[in-house]
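**Q** What follows is a single structure, and I will ask about it in a moment.
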C-alpha cells in the first residue's frame, strides 16, 4: 500500500497518528506539495478527483480517499488496538464524537484558518475575514463545550483513547496557526487532555 | 426508541429515508420546531448539546446524535437491506463516497442556502452573501463531477443503492431552495440518477 500525503496538513496528520497508534509499518509515503498546487495537477486528480490528501493506494491500484474511510479500512486489517469501537453501540458513540469534533470543532478551525491566515490565501483563492471571525467564535464555543465534557472523563468519547481523540487533537494542532490555546481561554480540562494526547508517541511529527 | 427530529430539515430526512429503506417500524417521532428555535431550548440542549437534529433516544435513555452514526447503529439492528457495505473494502468505498457527497456537495449546498436564502436568516444570525456564491460555485463543480461519475454507473458508490445515494439525494432536495436543478445545468446523468432515487418509496415525504 502507498499513502499519498502531505506531511503538515491536518488530515494527513490524522491518518499518520492512526497508523502510529496501530503500529502499522510498510506503507510507502508519496509526498504531495499542496502549496505548490501538486494536488491540482492532472496526475493527482486522476487519483482523487476531490483533490484532497490523504489517499491510500491499495495494491490492486484502488484509490481510497477520505481520512475516516481510510482509518476504518486500516482498522479492519489491523484490529488492535481498537480505535473505532467494538460493539455497534460503542462504534456509534465513537462515530458521534468523531463527527462532532471533526465537523463542529475541526471545520470551524479550518475555515477560521483558511479565511484569515495569510499563508493560506494561495490555497483558498478568496478569503472572507468576517466569516473567519464567525468561525472563530464557533470554534471557541465548541472548545468550551469540550472542556466541560473533559472535566468529567479522560477522553473525547469516554474512558479510552479513540479516533475521536486523534481528530480533536489534530484540529487543535492546526488551530495553533490562529494562536488558539485552551489554557489561554481558561479551558483547563481541555488543556490537560490536549497535553496528555501530545505526550503520546503517535503525536510526535 | 424515539427519534427527535424536524420533518423538513435535510439531516432528519436522511435518517427517515434510511429507516424507510430498511422498513424499520415502531420508532416514535418527537418533532422539534427549528424555526421556533426549539433546538436551542435548555431541555433539547440536554439531549444534544450540539443543538442539532436528529437524535435517536435509545430505550435506556442514551442519546445518539449525528446522522451517519445513527444510521450505522440502525444497520447493526436491521442488517438488511445493506446500505453501508458488507466487506471492509466495500464499507470503506461507500464511506468515501458518502463523505464526498456530504462534505463536498451537501455542505456547499447547506452554506449556499444558509447564507443566501431569506428564510434561513433567522437560523444563521449573520449571512454572508458573497461566501454563499463561492459555495454555489463549489456545489455546481461537485455536481458536474457527480454527473461524470454517474454517466458510468447507476448509483453514487457503485452498482447498488447505498447510504451515499440517500446523502446526495437529500442534499439535492435541499438545493431546490436555491433552485439548483441538474437538468437546467445540463447534467443529464445526474438528473437521471436523481429521478430514479426520487421514484423510490423511501423518497416520498
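The values are calculated or read from the model by the stated rules, or taken from the named source; none is laboratory data. Everything numeric here is computed off the predicted structure, so don't read it as measured data. Backbone-built Cβ (ideal geometry, glycine too); neighbour counts: all protein chains shown.
**Q** Considering only the range B:52-67, I want to know if a residue exists there that is surrounded by fewer than 21 Cβ atoms within 10 Å (Cβ to Cβ) and within 19 Å of residue A:104 (Cα to Cα).
**A** Scanning the range B:52-67, I find at least one residue that is surrounded by fewer than 21 Cβ atoms within 10 Å (Cβ to Cβ) and within 19 Å of residue A:104 (Cα to Cα), so the answer is yes.
**Q** For the range B:173-181, check the following and say yes or no: at least one residue is outside the structural domain of residue B:20 (by TED's automatic domain parsing), part of a helix (DSSP H, G or I) and more than 17 Å from the chain's Cα centre (by Cα).
**A** Within the range B:173-181, not a single residue is outside the structural domain of residue B:20 (by TED's automatic domain parsing), part of a helix (DSSP H, G or I) and more than 17 Å from the chain's Cα centre (by Cα).
**Q** Residue check: is residue B:165 in contact with a strand residue (DSSP E or B) (Cβ under 6 Å, 6 or more places away or on another chain) and at pLDDT 95 or above?
**A** yes
**Q** Turning to a different aspect of this structure: When the range A:101-119 is examined, which residues are found to be under 18 Å from residue A:176 (Cβ atoms) and without any contact (Cβ under 8 Å) to a residue 40 or more places away in the chain?
**A** A:107, A:108, A:111, A:114, A:115, A:118
**Q** Of the numbered conditions (1) assigned to a loop (DSSP other than H, G, I, E, B); (2) at negative phi, residue A:186 fails exactly one; give the number of that condition.
**A** Here residue A:186 clears every test but (2).
**Q** So, one more: Can residue B:130 be described as within 23 Å of residue A:103 (Cα to Cα) and within 9 Å of chain A (Cβ to nearest Cβ)?
**A** Yes.
**Q** Examine the range A:155-170 for a residue that is under 18 Å from residue A:13 (Cα atoms), within 10 Å of another protein chain (Cβ to nearest Cβ) and in contact with a helix residue (DSSP H, G or I) (Cβ under 7 Å, 6 or more places away or on another chain), and state whether such a residue exists.
**A** Checking the range A:155-170: not a single residue is under 18 Å from residue A:13 (Cα atoms), within 10 Å of another protein chain (Cβ to nearest Cβ) and in contact with a helix residue (DSSP H, G or I) (Cβ under 7 Å, 6 or more places away or on another chain).
**Q** I'd like to check something: does the range B:112-121 contain any residue that is surrounded by 14 or more Cβ atoms within 10 Å (Cβ to Cβ) and facing chain A (nearest Cβ under 9 Å)?
**A** Looking for residues that are surrounded by 14 or more Cβ atoms within 10 Å (Cβ to Cβ) and facing chain A (nearest Cβ under 9 Å), one finds at least one in the range B:112-121, hence yes.
**Q** Same structure, new question: Residue under question is residue B:137, and the condition is that it be touching a helix residue (DSSP H, G or I) at 6+ places or on another chain (Cβ under 9 Å), assigned by TED's automatic domain parsing to the domain that holds residue B:94 and closer than 24 Å to residue B:71 by Cα; does it hold?
**A** Considered against the rule, which asks whether it is touching a helix residue (DSSP H, G or I) at 6+ places or on another chain (Cβ under 9 Å), assigned by TED's automatic domain parsing to the domain that holds residue B:94 and closer than 24 Å to residue B:71 by Cα, residue B:137 comes out as no.
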